[in-house]
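**Q** Starting off with a structure, shown below.
Every read-out reported here was derived from the displayed coordinates using simple, explicitly stated rules and does not represent laboratory data. Here the structure is a predicted model, which means the values were calculated and not measured. Cβ: placed from backbone, ideal geometry, glycine included. Neighbour counts: every protein chain shown.
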Amino acid sequence: MVEQAATQAPEAPSGLSSSAHRDTTRASNKLEVRDLNISYGGVSALRDVSLDIREHEIFGIIGPANSGKTSFLKAINRMDMFNKNMQVTGEVLYDGHNTRTLRNVYALRSRIGVVFPLPVGLPMSVYDNVAMSPRLRGIKNKADLDEIVERCLTRAALWDEVKDRLTTLGSLLSGGQQQRLTIARALSQEPEVLMLDEFSIAVDPVTTMRIEDILKELRNEITIVLVTNLVQQARRLADRTAFFLMGDCVEIGETEDLFSGNVTDQRTSDYIAGRFG
Amino acid sequence: MADSMFKATQQNVSDEHRDFLVQLLFFGMTVLLIIPVIIILCMLMWKGGPAISWEFLFSEPTNGMTAGGIFPALVGTVWLVTVALLVSVPLGVAAALYLSEYAPDNWLTRFINLAIINLAGVPSIVHALFGVGAFVLFFEFGTSILAASLTLAIMTLPVVIVATRESLQAVPLAFREACWNMGATRWQTIRRVVLPNAVSGILTGVILEVSRTTGETAPIMFTGAAFFLPFLPESVFDQTMALSLHLFVVATQVPNVPEHLPYGVALVLIGMVLLMNALSIGLRMYLRGQKKW
């Protein structure tokens, strides 16, 4: 399979070079990453990553700090544009379109919802936080906005807690609530892809479980890229998991295989077993 | 032994004494600093207070400026400050937005930043002469409110730019990134998130500018402020009297002025500045209370 590509030997990514094979898989691949290299001012952060993310799967990325996981996400929605220091080479295909050469990066970003490690409630009301993205799309009708806000907050399991105080500042909610607000905001983009970057780092275990439940519900509708430093979280949620280590993509496989010891690289099983990292 | 564990040693005692002495020293310095301010204010109140009346504020100077009021100068100062603000605030805020939100970090940006800092250090008399050369003569505005206000605007531009840039940069980057990730352009991000949260700082800078503009004398002396002109200006192309220059004139240029008159003018001038500062502090406190993150 494609995901078995050994990134340690970039000259021979088995299966990837066959264009016929690529064409048959494209229909179900939301994102195709080809030879992605990221460096910061000459210091390499991610090397020769090639992988596919299938439509409507939860794709987990695990690995210790400094492995290039966040840089990987930034390269996908072109956030490297805002960091002059960050150089990206390679291709990222979104539904077959190369995003690296895309001019309308705003359309790309609006299709991809992002959740950060630290919750970012924008300093505006809860309502405006969720209504912001629809407003950017040009939706002005109050009733439409009301409907979107309620639907997204409900989806993010926050509606019951905030429905009576939609005018409170989003930045005044508790950490766990703000993280769910961030998810509601991402959902208000009506995204095709949701990228979560270690979302549970600053929230309590109960909120973490609630968000995990939300992700399980969403997996049938949108493609989810879940970066996590909790190995067990990847095990609970991800259909397939990639293991990044020090800028290399060491292993990509079915999550079940990874956790049953069916790995090609010893470091993967060492990390999963908690022997380092 | 629980008792001896927290017993003060000789070292502890002397450390504590030294700490107290240092605190006393710093308090003394602070008091020293505000003594001149208090003396100036008291002198002005005592000597200029009796001069202040409705008539003083709202009538024209008479008897070769040795009697009467200050109304034309008061109105002139309001004109000068208002026109200067109308020019410098849009210009300064736009420049600060560019420098903080758009400008890449390259030699040009660094050069512009350096130029702004230097502009703030240029003596006001140099600005005045520039104003004469550029606005009065080259653009042929003549000595007018427009020329004087433009000179004031250029002089106070660095204040607006620096204050605006600093309050823009106080808005956390995470807010911008959250918006960019949603597909917002830089301008959408600025308009919806950055500016609303920077507005209190910007207003503070603007009011600081107002209080500085009110008191400036040199830049308006040759560009638009008149020695004596007992009429109210009708347009920006008229000359006008101004409080700061009027104070200079009645204090040094006109003989036989009763003592209370210049003190009265000074008191009105400083009263305007203090009012502005109080407004600024109040506004900032109000807006800070609104903003929480």
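**Q** Compute the angle between helix A:205-218 and the longest alpha-carbon principal axis of chain A, please, reported from 0 to 90 degrees and rounded to the nearest 10.
**A** Helix A:205-218 and the main axis of chain A meet at about 80 degrees.
**Q** For A:K216, which aspartates and glutamates qualify as cross-link partners when the Cα separation must be under 18 Å and same-chain residues fewer than eight apart are set aside?
**A** Qualifying aspartates and glutamates at Cα under 18 Å: A:E55, A:E57, A:E190, A:E192, A:D197, A:E198, A:D239, A:E254, A:E256.
**Q** How big is D for the stretch A:77-222, in µm² s⁻¹ as a whole number, if Stokes-Einstein is applied with the Kirkwood radius of its Cα pairs at 25 °C and 0.890 mPa s?
**A** So the translational diffusion coefficient is about 153 µm²/s.
**Q** Using only Cα atoms, tell me the angle between helix B:260-290 and the longest principal axis of chain B; keep it within 0 to 90° and round to the nearest 10.
**A** For B:260-290 against chain B, the angle is about 40 degrees.
**Q** Follow-up. Magnitude of the Cβ-charge dipole of the stretch A:2-272, K/R +1 and D/E -1, about the Cα centre, nearest 20 debye?
**A** Dipole of the stretch A:2-272, to the nearest 20 debye: 960 debye.
**Q** Here's another thing I want to ask about it. Could you pull out the chymotrypsin sites (Phe, Trp or Tyr not before Pro) across the stretch A:226-277 that fall in loop regions by DSSP (anything but H, G, I, E, B) with no more than 10 other Cβ atoms inside 10 Å?
**A** In loop regions of the stretch A:226-277 (DSSP not H, G, I, E or B), the sparsely surrounded chymotrypsin sites (Phe, Trp or Tyr not before Pro) are A:F276.
**Q** Still on this structure: Quick check for you: which residues of the stretch A:158-176 have the amide N under 20 Å from the point 7 Å beyond the Cα of A:L230 toward its beta carbon?
**A** Only A:158, A:174-176 pass the distance filter.
**Q** In addition: Could you order the peptides A:189-202, B:268-281 from most to least packed, using the average number of other C-beta atoms within 10 Å per residue?
**A** Going by the mean number of other Cβ atoms within 10 Å, highest first, we get A:189-202, B:268-281.
**Q** Over the whole of B:182-192, what's the average partner chain Cβ count within 10 Å per residue? Rounded to a whole number, please.
**A** That average works out to 5.
**Q** Which lysines, on any chain, are close to A:K84 with Cα under 26 Å apart, when same-chain ones fewer than 8 places away are left out?
**A** Those lysines meeting the cut-off are A:K69, A:K74.
**Q** Could I ask something else about it? Per residue of B:168-181, what is the mean number of Cβ atoms on other protein chains within 10 angstrom of that residue's Cβ?
**A** 5
**Q** Compare the Cα positions of B:F130, B:V160, A:Y271 along the charge dipole of the protein assembly as shown (+1 at Cβ of Lys, Arg; -1 at Cβ of Asp, Glu; about the Cα centre) and return the one farthest towards the positive end.
**A** B:F130
**Q** Given the peptides B:52-63, A:29-40, B:224-235, A:173-184, arrange them by the average over their residues of other C-beta atoms within 10 Å, most packed first.
**A** Descending packing order for the listed peptides: A:173-184, A:29-40, B:224-235, B:52-63.
**Q** Continuing with the same structure: Once both axes come from the Cα atoms, what is the angle between helix B:195-215 and the longest principal axis of chain B, in degrees from 0 to 90, rounded to 10?
**A** 40
**Q** Same structure again: Could you point to the residue in B:N256, B:I190, B:I39 farthest towards the positive end of chain B's charge dipole, with +1 and -1 charges on the Cβ of Lys/Arg and Asp/Glu respectively?
**A** B:I190
**Q** Where does each of A:K140, A:K216 land when they are ranked from fewest to most other beta-carbon atoms within 10 angstrom?
**A** Result, fewest neighbours first: A:K140, A:K216.
**Q** Follow-up. At most 10 other C-beta atoms within 10 Å and a DSSP loop state: those are the exposed trypsin sites (Lys or Arg not before Pro) I care about. Give me the longest piece of chain B that has none.
**A** B:8-291
**Q** How crowded by other chains is A:168-179, given as the mean number of beta carbons from other chains within 10 Å of each beta carbon?
**A** Across A:168-179, the average partner-chain Cβ count within 10 Å equals 1.
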